[in-house]
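J.: I am attaching a structure below and will ask some questions about it afterwards.
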Amino acid sequence: MLLRASASGVILDAPRDFTTLSLILEGPTAEAEAARVGRWADRDHLVVPAETLVELAGPVVTEIGWRDGFDTMIGHATRKGWVDENGGVRIHVEQR
């Protein structure tokens with residue numbers, strides 16, 4: 001999954017790709033837009049509630065197997081210590 005934040009807001013690209021999870025900031029207001037869907041853990045990481053990722057995925061969540069893939073990705077992130085006690089997922093941020 002690839003999130004993109006820009007002046008237009010935050011969108012989720014590639015909602016079927018469960019092998020990666022990152023956020024790309026595009027433009028000078030991108031950090032503020034990203035803060036609308038999560039909280040900044042530090043300069044390089046945004047913590048986003050897992051259910052917010054589901055909401056951003058849109059209608060693909062109804063596809064067969066999507067939720068299983070998502071839950072597997074979140075399980076992997078949990079084992080790596082990237083999910084907090086409130087279900088927030090730590091996402092690496094890239095500036096463009």
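Laboratory data are not the source of any read-out in this text; all were calculated from the coordinates shown. Fair warning: this is a prediction, and the values are worked out from it, not measured in the lab. Counting neighbours? That spans all protein chains shown, and the Cβs are built from the backbone with ideal geometry, glycine included.
J.: Considering segment 56-96 alone, what residues qualify as being closer than 12 Å to Leu3 by Cβ and either assigned to a helix (DSSP H, G or I) or touching an Asp or Glu at 6+ places or on another chain (Cβ under 7 Å) (or both)?
T.: Those that are closer than 12 Å to Leu3 by Cβ and either assigned to a helix (DSSP H, G or I) or touching an Asp or Glu at 6+ places or on another chain (Cβ under 7 Å) (or both): Leu56, Ala57, His92, Val93.
J.: Report, ordered by the first and then the second residue, all pairs with beta carbons closer than 9 Å, sequence separation of six or more or different chains, a first member in segment 69-96 that is in contact (Cβ under 8 Å) with a residue 60 or more places away in the chain and more than 12 Å from Ala50 (Cα to Cα), and a second member that is charged (D, E, K, R) and part of a loop (DSSP other than H, G, I, E, B).
T.: If the second residue must be charged (D, E, K, R) and part of a loop (DSSP other than H, G, I, E, B), the pairs left are His92/Asp44; Val93/Arg43; Val93/Asp44; Glu94/Asp44; Gln95/Glu26; Arg96/Glu26.
J.: To continue, here is another question. Name the strands (runs of 3 or more DSSP E) wholly within segment 1-54 that hold at least 2 residues that are without any contact (Cβ under 8 Å) to a residue 12 or more places away in the chain?
T.: Ranges flagged: 39-42.
J.: Moving on. In segment 1-34, how many are more than 12 Å from the chain's Cα centre (by Cα) and over 18 Å from Ala77 (Cα atoms)?
T.: 13
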